[in-house]
Amino acid sequence: MLVSARSFAEYRAMFALTERDLEQRILDCPAGAASFVAEAGRLGIDAVAVDRQYAEHREELGVLVERETAFKRELLVKETAGYVWSWYADADDMIRRWTANARAFGADIAARPERYVAGSLPGLPFADDSFDLALCSHLLFSYGNRLGGEFQRAGLLELARVARREVRVFPLVVYDTGARYEGLGALRADLAELGVPSRVERVAYEFQPGADEMLVLSTAGYRAPARSAPGAAGAARATDPVRWRHREAGA
């Protein structure tokens with residue numbers, strides 16, 4: 001899986017974030033090396049990032065993502081052929097922007113380490129209702145054919161536990177097939193029975209063709225079952241390994 005470094009502006013578009021949304025306490029999960037929290041901090045927005053990579057590569061993650069993205073340039077050019085080039089000019093422009101975002105992330109995690117928490121779905125190290133809004137970018141459905149339905153369900157319920165108003169998930173298509181995640185309807189029905197209604201909304205952002213929708217969970221009425229301690233996962237964790245191929249190539 002590629003650790004990305006998207007910007008605050010992209011987050012606003014992907015998740016249709018309004019000025020009112022940005023007045024809330026926001027969780028970015030998983031955040032990778034995105035500059036959303038860094039840029040949000042400069043604007044006085046209360047945002048926190050969580051990612052499992054902050055445990056392993058906290059000090060060097062920004063540099064790792066920068067080098068890995070450059071190393072995979074040819075692969076990115078191939079994989080994004082036929083994409084919608086309205087946000088980026090071309091693959092090289094995307095790499096330049098991700099590099100700048102990764103550097104902003106690296107500076108901010110060093111300056112404000114308390115805003116970057118090591119953790120991963122489906123067992124986040126936060127108390128119930130710690131945030132108003134949780135954002136989940138390019139994981140749950142992007143890799144839906146690898147992570148499996150139980151992980152999706154457990155991950156969404158965990159996000160619903162820590163977000164007292166809404167959870168927003170983008171995109172709804174599988175990364176390597178381009179098709180909408182086939183289990184979405186059944187998953188939504190299951191969540192509704194547990195007190196988490198949802199809706200699908202179109203957003204003003206599209207890069208991968210057809211990836212212009214987000215799932216919005218309304219979490220105000222959801223009360224999670226009691227757990228022994230924050231961060232204790234209620235379901236088996238799925239593996240989402242990240243390989244730093246630029247390091248392997250230099251070994």
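The values are calculated or read from the model by the stated rules, or taken from the named source; none is laboratory data. Since the model is a prediction, treat every value here as computed from it, not as a measurement. Here the Cβ is made from the backbone with ideal geometry for all residues, glycine too, and neighbour counts use every protein chain on show. All accessible areas refer to the heavy atoms of the entire protein, side chains included, with ligands and DNA or RNA removed. Shrake-Rupley method; radii C 1.70, N 1.55, O 1.52, S 1.80 Å.
The peptide list 138-144, 80-86, 128-134, 67-73, put in order of mean Cβ contacts within 10 Å with the highest first, becomes 138-144, 128-134, 67-73, 80-86.
Membrane-span-like helices of the chain, defined as complete DSSP H segments with a Cα extent of 27 Å or more along the helix axis and a mean Kyte hydropathy of at least -1.0, are identified as 91-111. GLU79 contributes about 70 Å² of solvent-accessible surface, heavy atoms of the protein only, 1.4 Å probe.
The fraction of accessible area contributed by carbon and sulfur in the chain is 50 percent, rounded to a whole number (1.4 Å probe; ligands and nucleic acids excluded). Once you have a ≥ b ≥ c as the square roots of the Cα gyration tensor eigenvalues for segment 60-200, tell me rounded if a/c is under 1.5, and otherwise prolate or oblate according to whether a/b is larger than b/c. The shape class here is oblate. For ALA226 and LEU194, a Förster radius of 22 Å and the Cβ-Cβ distance give a FRET efficiency of 0.90, rounded to the nearest 0.05.
For the chain, the relative contact order comes to 23 percent (Cα pairs under 8 Å, sequence separation of at least 6). Accessible surface area normalised per residue over the chain is 45 Å², counting heavy atoms of protein chains with a 1.4 Å rolling probe.
Of all DSSP beta bridges confined to segment 87-193, the antiparallel ones make up roughly 25%.
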